[in-house]
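A short worksheet on the structure shown next.
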Amino acid sequence: MEKLDYDIVFFDMDGVLTDIIHCFKQVFNLPKDWKSTTYYVESQIGMTWEDFHQKLFEAGEDIWSNMKPIKKGVDLVKDLLKAEKQVFILSSPMEGSLSASGKIKWIKKYTPELEGKYVLTHNKELLAAPGRIIVDDYGEHIWKWEKAGGKGLLLRTSYSHEYGEDYTFEEIRKILL
């Protein structure tokens with residue numbers, strides 16, 4: 001894919017800027033070498049959606065505020081900012097938990113340049129428009145974003161194959177810079 005012209009790029013957090021898989025390994029005591037093969041991790045580890053989310057809820061704010069940054073994602077955000085690009089974080093907090101406040105703390109800690117430049121919503125597509133790009137690891141978000149008029153870049157992960165064309169961080173960097 002060639003370089004894209006855009007006004008704003010939005011980055012998802014979980015799986016793009018933060019290592020959500022590492023978080024799951026901690027909360028659910030999964031082996032160090034465990035890899036997700038589906039976006040729906042609860043089914044892969046044999047839990048119901050309700051039990052999975054209850055356990056994350058019980059883990060509290062710290063699990064979200066202390067997630068490991070994904071270096072390639074954070075570096076790309078910082079390089080885009082240096083190139084004077086408009087960058088925002090766009091993330092879906094877990095309902096009924098302290099994930100929203102934890103994510104805000106994470107932003108302040110790892111990407112302070114984006115403090116105040118984030119949106120937490122379950123309806124990301126409401127911000128889609130021509131000239132707006134989203135980098136996300138969830139194909140449904142990409143599909144909804146593009147249906148609403150934006151351009152989506154699906155980050156390649158161990159589970160992104162479920163959704164079609166995806167890109168490495170290196171490929172996304174070439175597209176955006």
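Annotations for the structure displayed:
- Value of relative contact order over the chain, rounded to a whole percent, pairs C-alpha under 8 Å and six or more apart: 29 percent
- Excluding same-chain neighbours fewer than eight residues apart, the lysines reachable from K105 by a Cα-Cα span under 17 Å are K68, K117.
- Basic side chains Lys and Arg get +1 at the Cβ, acidic Asp and Glu get -1 at the Cβ, and with that the dipole of the range 23-171 about its Cα centre reaches some 500 debye.
- Value of [θ]222 nm, deg cm²/dmol, for the chain, DSSP H segments ≥ 4, -39500 (n - 2.57) each, nearest 500: -11000 deg cm²/dmol
- By the rule of a C-alpha distance below 18 Å, with chain neighbours fewer than 8 residues away ignored, the lysines paired with K151 are K3, K85, K124, K174.
- Working from the Cα coordinates of the range 97-142, the gyration tensor eigenvalues give, after taking √(5λ), semi-axes of 21, 14, 10 Å in decreasing order.
- The range 34-82 - Rg (one decimal) and Dmax (whole number), Cα, Å: 14.9, 44
- Normalised by the number of residues in the range 55-107, the mean separation of alpha-carbon contacts (under 8 Å, six or more apart) gives a relative contact order of 59 percent.
- Computed over the range 13-116, the range of Cα coordinates on each principal axis works out to 45, 28, 18 Å, biggest value leading.
- Value of relative contact order over the range 37-135, rounded to a whole percent, pairs C-alpha under 8 Å and six or more apart: 28 percent
- Rg over Rh for the chain works out to 0.95, both radii taken from alpha-carbon positions and Rh defined as the Kirkwood radius.
All of the numbers you see were taken from the coordinates with simple rules; none came from a lab. Just so it is clear, the model here is predicted, and its values are computed rather than measured. Cβ atoms come from the backbone with ideal geometry, glycine included; neighbour counts cover every protein chain shown.
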